[in-house]
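Engineer: I have a structure here, written as structure tokens, and I will follow up with some questions on it.
The values are calculated or read from the model by the stated rules, or taken from the named source; none is laboratory data. All values reported here derive from a predicted model rather than from experimental measurement. Please note: Cβ atoms are built from the backbone with ideal geometry, for glycine as well, and neighbour counts cover all protein chains shown.
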Amino acid sequence: MAATTRSVQLVSAQRLVVKIGSALLVDEVTGDIRSAWLETLIADIVRLFSRGQQVIIVTSGAVALGSGQFDGLGRPLRIKEKQTAAAIGQVRLMLAYEQSLKRHGFALGQMLLTGEDMGNQHRRHNAWSTLQQLLKIGAVPVINENDTTATAEICFGDNDRLAAQVAQMVNADLLVLLSNVDGLFTEDPHHNPLARLLTEVRCITPEIEAMAGHSHARHSSGGMVTKLMAARIAMNAGCGMLIARGTERYPLAAIENGAPSTWFVPFGKDRATREEH
């Protein structure tokens, strides 16, 4: 029954935000985009558009792609080096999305946001207006944090929370966080193979928070801690959230077909009521 619920939530959502992390997009060994995987993700998204759903992509990857090109940036990256890497990598990142979408007859609309944008009512309104127009003309919005201008004080630090803020802004019905694990486990499955997957979460309690581990991927800045922060934002906004494995090809189709995941149940107003406010 749990798998059916996930499938229904994904199929019935009128507006979705799908977040893709660096660990899924960028090969840890080569530092290049996993092009074959990206092609299947875009095929999934085009399929959703074809049945009348609206999809907004929130993507990471610019810093990982840029830093992989220049060893001279050093490790670990400081703020100015991350900004430099992002300036280089963002071009490659958007080109990959553009080429893949173009093969399906879709245009790409890039948007770069910062914490200041999301916290400023005027900027936030302008961002939402742009997203509405992109969706209206049939372009696929692809959002990333503007790492070239963000600083330690204002940056999100991860795109999980950015995705949740976007979902809140656009009154999305569903936020999908594609991860390198099946969802939220009772313990870190990398350390304890007996850890149990939670299929449903109705409230972010201290016990739930204690289950969050840390990111094990070199190119990932999030981890389960930030995913729970995102879940809190989404649930409070009346938007459901799924954490599911995205490492395999056609990850959204896999969710529809019953792949394991964790469903965070929304509470609050329905979409019609939210849009009135």
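Engineer: Which pairs do you get when a residue that is at pLDDT below 95, found in the range 1-29, comes within reach of a residue that is hydroxyl-bearing (Ser, Thr, Tyr), reach meaning Cβ atoms under 6 angstrom, with the pair 6+ apart or on two chains?
Structural biologist: Filtered contacts from the range 1-29: ALA2/THR199; ARG6/SER261; GLY21/SER60; GLY21/SER220; SER22/SER60; SER22/SER220; ALA23/SER220.
Engineer: Of the conditions (1) over 21 Å from GLY21 (Cβ atoms); (2) at pLDDT 95 or above; (3) assigned to a helix (DSSP H, G or I); (4) not hydroxyl-bearing (Ser, Thr, Tyr), ASN171 satisfies every one except a single condition; which number is it?
Structural biologist: (3)
Engineer: Looking at this structure, is ASN126 within 21 Å of VAL17 (Cα to Cα) and at pLDDT below 95?
Structural biologist: no
Engineer: Then there is this: Using beta carbons and a limit of 6 Å, which pairs, at least six apart or on different chains, have the first residue in the range 78-91 and among the basic types (Lys, Arg) and the second one part of a helix (DSSP H, G or I) and at pLDDT 85 or above?
Structural biologist: Partner pairs satisfying both residue conditions: LYS82/VAL63.
Engineer: Anything in the range 239-253 that is crowded, with 19+ Cβ neighbours inside 10 Å and either outside any strand (DSSP E or B) or among the acidic types (Asp, Glu) (or both)? List them, or say none.
Structural biologist: CYS239, GLY246, PRO251, LEU252
Engineer: State which residue pairs qualify: first residue within 14 Å of TYR97 (Cα to Cα) and inside the range 49-68, second residue assigned to a helix (DSSP H, G or I) and among the basic types (Lys, Arg) in any location, beta carbons under 9 Å apart, and separation of 6 or more residues or different chains.
Structural biologist: If the second residue must be assigned to a helix (DSSP H, G or I) and among the basic types (Lys, Arg), the pairs left are GLY61/ARG92; ALA62/ARG92; LEU65/ARG92.
Engineer: Next question, about the same structure. Can you name the number of the only condition in (1) touching a helix residue (DSSP H, G or I) at 6+ places or on another chain (Cβ under 9 Å); (2) surrounded by fewer than 24 Cβ atoms within 10 Å (Cβ to Cβ) that ALA23 fails?
Structural biologist: With (1) touching a helix residue (DSSP H, G or I) at 6+ places or on another chain (Cβ under 9 Å); (2) surrounded by fewer than 24 Cβ atoms within 10 Å (Cβ to Cβ) applied to ALA23, the lone miss is (2).
Engineer: If you check LEU41, LEU101, LEU134, which single one turns out to be in contact with a strand residue (DSSP E or B) (Cβ under 8 Å, 6 or more places away or on another chain), within 28 Å of MET224 (Cβ to Cβ) and either surrounded by 20 or more Cβ atoms within 10 Å (Cβ to Cβ) or in contact (Cβ under 8 Å) with a residue 24 or more places away in the chain (or both)?
Structural biologist: Exactly one of LEU41, LEU101, LEU134 is in contact with a strand residue (DSSP E or B) (Cβ under 8 Å, 6 or more places away or on another chain), within 28 Å of MET224 (Cβ to Cβ) and either surrounded by 20 or more Cβ atoms within 10 Å (Cβ to Cβ) or in contact (Cβ under 8 Å) with a residue 24 or more places away in the chain (or both), namely LEU41.
Engineer: A follow-up question, please. Output the qualifying pairs, or none if there are none: Cβ atoms under 6 angstrom, residues six or more apart or on different chains, first residue in the range 190-208 and in a loop (DSSP other than H, G, I, E, B), second residue among the acidic types (Asp, Glu).
Structural biologist: Final answer for the pair search is ALA195/GLU187.
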